[in-house]
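The values are calculated or read from the model by the stated rules, or taken from the named source; none is laboratory data. Predicted model, so just to flag it, every value in this text is computed and none were measured. Every residue, glycine as well, gets a Cβ built from its backbone with ideal geometry; the counts of neighbours run over all protein chains shown.
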Amino acid sequence: MPYFFAAFAFQIVAGSGVTQLILPHMLDAIHLTRNTSYGIILSIMGLAETGMSLLWSRWSAHRSPSWIFEGYLLRATSYGLLFAALSSNRIVLLVGATALLGAAMPISGPPFIMALQGSTPRPLMGKVLSIRSTLGNVSHATSYLLTGWLLAIMPLRGVLGFATALAALSAGVFFSLWSRQTVKSEANRAS
């Protein structure tokens, strides 16, 4: 479980600043009107997230805890595509990246909650979910502080590159650690 919580926190730290702070700066850099374009981009992201949530609720494979990390890797991929959109000034790439980001958001949530419910004793469920909520709140605040600070001292591409690297590395590292723990647990049960 600690790997799920750590990956969850790192993904929020890497990603919240992207949608709240970096996207508006990207729109300025690509010479789009911030107010109108930001609303359209968020709407595209919201539609993709809603569509994937509806599809995901009907798909039985979402029960696998590995989907937690796969959803996080999709988020990192979308940040990489945002980086490419910023570098190339391609609006189509920006729209595709935000749609992928929206679709990636609900992929990791249900398996994470199911893993928590499956491994937490019933009397502790409220406390564990409260810890998850608090961790999410602290991670959001940390993301805004870190992203805002980085935007003040680095170019936009550097900050987006940092967020992309943090999201990809944390997903990969915590997936690897979780996989090793799972293999060891299964080997111990077999013997």
Taking segment 147-184 and keeping residues closer than 15 Å to Gln11 by Cα, of a type in the set (Val, Ile, Thr) and without any contact (Cβ under 8 Å) to a residue 24 or more places away in the chain leaves Val173
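The rows are residues; the columns are (1) in a helix (DSSP H, G or I); (2) charged (D, E, K, R); (3) within 15 Å of the chain's Cα centre (by Cα); (4) surrounded by 14 or more Cβ atoms within 10 Å (Cβ to Cβ).
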residue: Val18; (1), (2), (3), (4): yes, no, yes, yes
residue: Leu32; (1), (2), (3), (4): no, no, no, yes
residue: Ile41; (1), (2), (3), (4): yes, no, no, yes
residue: Glu49; (1), (2), (3), (4): yes, yes, yes, yes
residue: Ser53; (1), (2), (3), (4): yes, no, yes, yes
Reported set for segment 57-69 where residues are surrounded by fewer than 16 Cβ atoms within 10 Å (Cβ to Cβ) and part of a helix (DSSP H, G or I) is Ser57, Arg58, Ser60, Ala61, Arg63, Ser66
Test result for Ser176, within 30 Å of Met1 (Cβ to Cβ) and surrounded by 19 or more Cβ atoms within 10 Å (Cβ to Cβ): no
When residues of segment 59-69 are limited to those that are in contact (Cβ under 8 Å) with a residue 40 or more places away in the chain and of a type outside the set (Val, Ile, Thr), the one nearest to Ile22 (Cα to Cα): Phe69
Determine if segment 104-115 includes at least one residue that is within 19 Å of Leu54 (Cα to Cα), of a type in the set (Ser, Thr, Tyr) and at pLDDT 90 or above. no
Every residue in segment 78-124 that is out of contact with any helix residue (DSSP H, G or I) (no Cβ under 7 Å at 6 or more places or on another chain) and in contact (Cβ under 8 Å) with a residue 24 or more places away in the chain, please. Asn89, Ile91, Gly109, Ser119
Name every residue in segment 87-104 that is among the hydrophobic types (A, V, I, L, M, F, W, C) and buried (at least 22 other Cβ atoms within 10 Å of the Cβ), in order of residue number. Leu94, Ala97, Leu101, Ala103, Ala104
Go over the candidates Ser139, Ser130, Ser143 one by one and state the one that is polar (S, T, N, Q), loosely packed, with under 13 Cβ neighbours inside 10 Å, in a helix (DSSP H, G or I) and at pLDDT 90 or above. Ser130
